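Here's the structure we're looking at; comments come further down.
The values are calculated or read from the model by the stated rules, or taken from the named source; none is laboratory data. What you see is a predicted model, and the numbers here were worked out from it, not measured in a lab. In this analysis, Cβ positions are derived from the backbone assuming ideal geometry, glycine residues included, and neighbour counts consider all displayed protein chains. In case anyone asks, the SASA skips ligands and DNA or RNA and just uses the protein heavy atoms, side chains included. Shrake-Rupley method; radii C 1.70, N 1.55, O 1.52, S 1.80 Å.
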Amino acid sequence: MDESDKQSHWNRADLWCVLLAFATLAAYWQTGACGFINYDDDLYVTENPRVLAGLTWGGFLWAFANTTASNWHPLTWLSHMLDVQLFGANAGAHHVVNVVLHIASAVLLLLVLRRMTGALGRSAFVAALFALHPLHVESVAWVAERKDVLSGLFWMLTLWAYARYVERPRAGRYALVALFLALGLMAKPVLVTLPFVLLLLDYWPLNRLMPVALPADAPTASPPPARVPFKRLLVEKIPLLALALAASAVTFLVQQKEGAVGTLEKYSLAARVANALVAYVRYLGKMICPEDLSVFYPHPGAWAGWQMGGAAVALLVITLATLAVPRRYLLVGWLWFLGTLVPMIGLVQVGFQAMADRYTYLPLIGPFVMISWGVAELAGKWPRRNILLGAASAVVLAGCLVATWRQVRHWQNSVTLFTHALSVTRNNLPAHYNLGKAHFMLGEMEPAIAQFNAVLRLDPKDEVALNNLGGAFHRLGLYAQSTNVFAELLRLNPDNAAAHFNRGVSLMALGDFPLAATHFAAAARLNPGYPTPPLNLGKMLLRLGQPDQAAAAFAEALRRNPGYAEAHSQLGLLLVTQGKTPDGLAHLRESLRLRPDSPEVLNNLAWLLATHPDAAVRDGPQAIRLAQRACELTAQRAPNLLGTLAAAYAEAGQFTNAVQTAAQAIALAEAAGQAELAAANKKLQTLYQSGQPWREGK
């Protein structure tokens, strides 16, 4: 190949890269308008305070030290932090970063395969399938799967560095291979299979394995690499294998510690082997016909004997065929697929899914290579071969692009995603639960209740669904149903602190203060770090006429959280009523410092400063400022706050303002049907008309 041919070849490669990037961008354009979903995005971004703080030194240390999400992937955490640092919590921007990483991986795959094989068209087709296949939508359109696209980029960079190393073996080039592999493992430990893949690439297309004679399907890339004994190739991979083994050990220990490994508890070895065999075939089926894709595929527990046997036979036949046919790319592609899926195939069950689209992100490259090189070779003697192959490739890729574009639409939000999942699967408990949670967060209680009930039909002992069902009933004001649901939850688990607390809240709404107090006390005992149960216990004890015990409960809430503004406010008001005014004022002022824009806190302190019987405590001007701020925050529409402002005016001697403000309070109370509040303000208005302020205790 002369220099002009080489230049033309590179120009064609550049054109393919540009076309590939634009086609991928078109397929995933909609992701920029997609939101976060309530399935792991909360864990990785929206409810993770470390990530939401952006890039900080503390966050950097946390990323390397923590095992949240049952994985050790510090680079993934840092990438999410960088997104927040640059874009805040803008979901569209986070999605776009995923798309950019995916495009970069696809372009690198094209360039690496072309570099290794010299076959530009075939390499481009493989890269295009990787970029546009709808099975990869889950990895790209799901913010929580940043680990897939980030580790995929390092996978491609490792292949690129390895191709350079093979062309000219040097320590520095090998170090770059190891560096990219290590970085990839810190993005997602799925790269543990990459040393195995590098050995496959030594066999084909790099043809490093002795004997010297080249096989019939040897690539035309030049210059050809030196042939190396297999033992030396193995020794060469030892540092890389050590990195992979270390990552595997860390991952297994982390997932076992976090409870993600459900192997022994949930599924027998026979069930796991059967599901693995069937999953391999199902992945191939969805590669060929990508229909009914779901964010979660329920595990059946056990497959029928004919399904397991049929899958085993199919896999065996394909394996024997790749061994029998003297085409190395077939064997390499097939072993790539089988080998790279091993960590996710479920032999060690992580989670409760039977399979997942995201698990195919890198493994399908193997079958794509088989298809691209196989079809090109079969068509080798066709007339007008290039035109026919080009047309067929265009049709296939256009179909993939359209299917991907359609699949991306389901990722708009949690409701669209899980509604679709339920339309293409059966008995999908996580989809029912997450759809219910999505409706709950939108304030749509009735559809939420329907979904939580669907979960309970599949698993009557699902404590999370019961807890959410009780909460939905409470939000609807159906407090009796709510308490019954929480009672059932406590029957299943008497030590469920959240159930005790939530049942207490519903009982409080029903006016059953003694029983509510019992549940708040249990919640406080079972969850000694949570300050809200003792706070609510204190409120119930006040209702029951036990002020000293209530004060102790409020103090306990503050011991658990010294910055708990409501606990300061409640304790402050109680201390004032007990005649401990200086201590009470101190707590009220601390509550205001913690929540300077809380109308309730502003109102409580303003009322005290306006109406306390001790002149040393009263401060009319300050009471006016506080009450005015409270009224501003509520747009002058809260009659009780306007009543406090009227009392503050009266204390400051501004009786005309006091009378007018009391009139506003009366009108708003009557319009809202608050007869008692209206009557109280009328009484106070009469007092102000006579030129007298109100004093507590009169």
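Points worth noting:
- Complete set of residues in segment 244-259 that are open to solvent by 30 Å² or more (accessible area, probe 1.4 Å), modelled with pLDDT of 85 or more and of a type outside the set (S, T, N, Q): 245, 246, 249, 250
- Considering only residues in segment 519-552 that are without any contact (Cβ under 8 Å) to a residue 24 or more places away in the chain, over 36 Å from the mean Cα position of the chain (by Cα) and assigned to a helix (DSSP H, G or I), the one that is surrounded by the fewest Cβ atoms within 10 Å (Cβ to Cβ) turns out to be 548.
- Within this structure, residue 455 passes the test of being surrounded by 19 or more Cβ atoms within 10 Å (Cβ to Cβ) and not charged (D, E, K, R).
- The set of residues from segment 286-295 being over 26 Å from the mean Cα position of the chain (by Cα) and either buried (at least 20 other Cβ atoms within 10 Å of the Cβ) or over 27 Å from residue 415 (Cα atoms) (or both) comprises just one member, 288.
- Test result for residue 46, among the β-branched types (Val, Ile, Thr), over 17 Å from residue 147 (Cβ atoms) and out of contact with any strand residue (DSSP E or B) (no Cβ under 7 Å at 6 or more places or on another chain): no
- Where a residue in segment 22-40 is basic (Lys, Arg) and its partner, wherever it lies, is at pLDDT 95 or above, with Cβ under 8 Å and at least six apart: none
- Tally, over segment 645-666, of residues that are free of Cβ contacts under 8 Å to residues at least 24 places away in the same chain and either among the acidic types (Asp, Glu) or surrounded by fewer than 17 Cβ atoms within 10 Å (Cβ to Cβ) (or both): 3
- Pick from segment 326-345, criterion assigned to a loop (DSSP other than H, G, I, E, B) and open to solvent by 10 Å² or more (accessible area, probe 1.4 Å), ranking: modelled with the lowest pLDDT: 326
- Checking each residue in segment 399-440 for being of a type outside the set (A, V, I, L, M, F, W, C), open to solvent by 10 Å² or more (accessible area, probe 1.4 Å), in a helix (DSSP H, G or I) and over 24 Å from residue 92 (Cβ atoms) picks out 399, 423, 430, 432, 433.
- Residue that is surrounded by the most Cβ atoms within 10 Å (Cβ to Cβ), among those in segment 41-82 that are over 19 Å from residue 254 (Cα atoms) and in contact (Cβ under 8 Å) with a residue 60 or more places away in the chain: 80
- A single entry from 584, 620 fulfils the requirement of being closer than 25 Å to residue 567 by Cβ and over 38 Å from the mean Cα position of the chain (by Cα): 584.
- Residue 443 open to solvent by less than 30 Å² (accessible area, probe 1.4 Å) and in contact with a helix residue (DSSP H, G or I) (Cβ under 8 Å, 6 or more places away or on another chain): no
- The helices (runs of 4 or more DSSP H) falling completely within segment 142-228 include none with 3 or more residues that are modelled with pLDDT under 95.
- For segment 578-596, the count of residues that are in a helix (DSSP H, G or I) and within 20 Å of residue 665 (Cβ to Cβ) is zero.
- Test: residue in segment 306-313 that is in a helix (DSSP H, G or I), touching a Lys or Arg at 6+ places or on another chain (Cβ under 9 Å) and under 28 Å from residue 126 (Cβ atoms): yes
- Breaking point among (1) among the charged types (D, E, K, R); (2) closer than 25 Å to residue 658 by Cβ; (3) open to solvent by 70 Å² or more (accessible area, probe 1.4 Å), for residue 593: (2)
- Check on residue 465, under 18 Å from residue 488 (Cα atoms), assigned to a helix (DSSP H, G or I) and either among the acidic types (Asp, Glu) or open to solvent by less than 20 Å² (accessible area, probe 1.4 Å) (or both): yes
- Total residues in segment 94-110, condition in contact with a Cys (Cβ under 7 Å, 6 or more places away or on another chain) and open to solvent by 10 Å² or more (accessible area, probe 1.4 Å): 1
- Test for residue 86: is it modelled with pLDDT of 95 or more, touching a helix residue (DSSP H, G or I) at 6+ places or on another chain (Cβ under 8 Å) and farther than 16 Å from residue 137 by Cβ: yes
- Out of 606, 650, 646, 623, sole residue that is of a type in the set (A, V, I, L, M), in a helix (DSSP H, G or I), within 23 Å of residue 671 (Cα to Cα) and at pLDDT 95 or above: 646
- Taking first residues from segment 468-481 that are under 16 Å from residue 435 (Cα atoms) and partners that are surrounded by fewer than 21 Cβ atoms within 10 Å (Cβ to Cβ) and not hydroxyl-bearing (Ser, Thr, Tyr), the Cβ contacts under 6 Å between residues at least 6 apart in sequence or on separate chains come to 472/445.
- The set of residues in segment 675-698 being open to solvent by 80 Å² or more (accessible area, probe 1.4 Å), assigned to a loop (DSSP other than H, G, I, E, B) and polar (S, T, N, Q) consists of 692 alone.
- The lone exception for residue 151 - which of (1) open to solvent by less than 10 Å² (accessible area, probe 1.4 Å); (2) touching a Ser or Thr at 6+ places or on another chain (Cβ under 7 Å) it fails: (2)
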